[in-house]
Amino acid sequence: MKKGRIIGIGVIVVVVLLGVWTFWGHAHQQKDEITLGTIGSDAKIWNYIAKQPATKKAHIKLQVKSFTDGVALNTATAQGKVNVNAFQSDAYLQAYNQKNPKQQLDVIGTTYLEPLGIYSTKYKQLSQIPDGSIIAIADNPSNTARGLKLLAQAGLIKLKPNFSTLSGLNGIASNPHQFKFQEIDDTTGPRVIKDQKVAAALISNTIALEGHLNVLTDSLYHEQVNQSTKANINVLATAKNASKQQKHQYQKLLQIYHSKNVQKYVQREFDGTKIEVQKPVSYLRN
């Protein structure tokens, strides 16, 4: 009788332990599943990372989701529908946070900088663009300001002294060529430059690559990579209210991104147009 009780208790203990182990294992698996949202050609990078031995070694199961709209992706991230995203510059993220005080994002770390370019299918040089022409520029605050800065650097316009990373068209001090600016959804840039009414368009490199354009060889003019463009460095971002444990897990993704193997792939796949930037978040704020 006593022996039977001992066996019965042993069976119960084993069952309970198996249940706990199964529950822990399931919870652990869920914890390691990360959904990353991105836009355009960057999906290639993160799908490549998802298959890397380093990702498996870090116990990460990475699911990559492609979006076509940056605001929608940021909103999904802030709401926890997407764990992290990788598509935007720090300036774009800061502009989003200013407009959405109840759905804030945090920067996990830096990834790369890719120059913004001025493109045209009608002209080979900036000097050929006639006065009064239509220039297409992004309709979101951070990319509008970035585009205007580039036009100023190219000598086409002058900006007001108080121009900031969120300034719009009213930040133009002088427009000697009397250009007309058409604000567009920046994802449509490669299509817009084919419009007969548009002389040129400012297109971010991620979108340009989708349109089979290389900023280093196909643009009429592009940003120079230096400290003045640090607000344009792309970042990995997550919801501000994500836990420390979650953010620590997402940091592993960043480490894998900056690994030699992944960087060789990025260099080869994108012809050097995504320039690696591995800096602390404090670099963006100084």
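The values are calculated or read from the model by the stated rules, or taken from the named source; none is laboratory data. This is a predicted model, so every value here is computed, not measured. Note that each Cβ is placed from the backbone with ideal geometry, even for glycine, and that neighbours are counted across all protein chains shown. Heavy atoms of the whole protein, side chains included, go into the accessibility calculation; ligands, DNA and RNA do not. Shrake-Rupley method; radii C 1.70, N 1.55, O 1.52, S 1.80 Å.
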Return a yes/no flag: does region 231-239 have any residue that is assigned to a loop (DSSP other than H, G, I, E, B), open to solvent by 50 Å² or more (accessible area, probe 1.4 Å) and either on the phi < 0 side of the Ramachandran plot or at pLDDT below 95 (or both). no
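With the requirement that a residue be open to solvent by less than 40 Å² (accessible area, probe 1.4 Å) and either without any contact (Cβ under 8 Å) to a residue 40 or more places away in the chain or not in a loop (DSSP other than H, G, I, E, B) (or both), what does region 123-137 give you? Steps first, answer last, please.
Looking only at region 123-137, we keep the residues that are open to solvent by less than 40 Å² (accessible area, probe 1.4 Å), and these are 126, 129, 132-133, 135-137.
Within region 123-137, L126, I135, A136, I137 qualify.
Could you check region 214-230 and list, in sequence order, the residues that are β-branched (V, I, T) and in a helix (DSSP H, G or I)?
Kept after step one, since they are β-branched (V, I, T), are these residues of region 214-230: 215, 217, 225, 229.
V215, T217, T229, listed by residue number.
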Could you grab me the full set of residues in region 197-213 that are in contact with a strand residue (DSSP E or B) (Cβ under 9 Å, 6 or more places away or on another chain) and assigned to a loop (DSSP other than H, G, I, E, B)? K197, S204, G211, L213
Is it the case that some residue within region 188-196 is under 23 Å from A231 (Cβ atoms) and of a type outside the set (A, V, I, L, M, F, W, C)? yes
Unique match (being assigned to a loop (DSSP other than H, G, I, E, B) and not acidic (D, E)) among K194, K149: K194
Residue check, E183 under 23 Å from S228 (Cβ atoms), out of contact with any Cys (no Cβ under 7 Å at 6 or more places or on another chain) and not aliphatic (A, V, I, L, M): no
Per the filter on region 36-75, residues over 15 Å from Q255 (Cα atoms), without any contact (Cβ under 8 Å) to a residue 60 or more places away in the chain and either open to solvent by less than 20 Å² (accessible area, probe 1.4 Å) or assigned to a helix (DSSP H, G or I) (or both) are G37, T38, A43, N47, A72, L73, T75
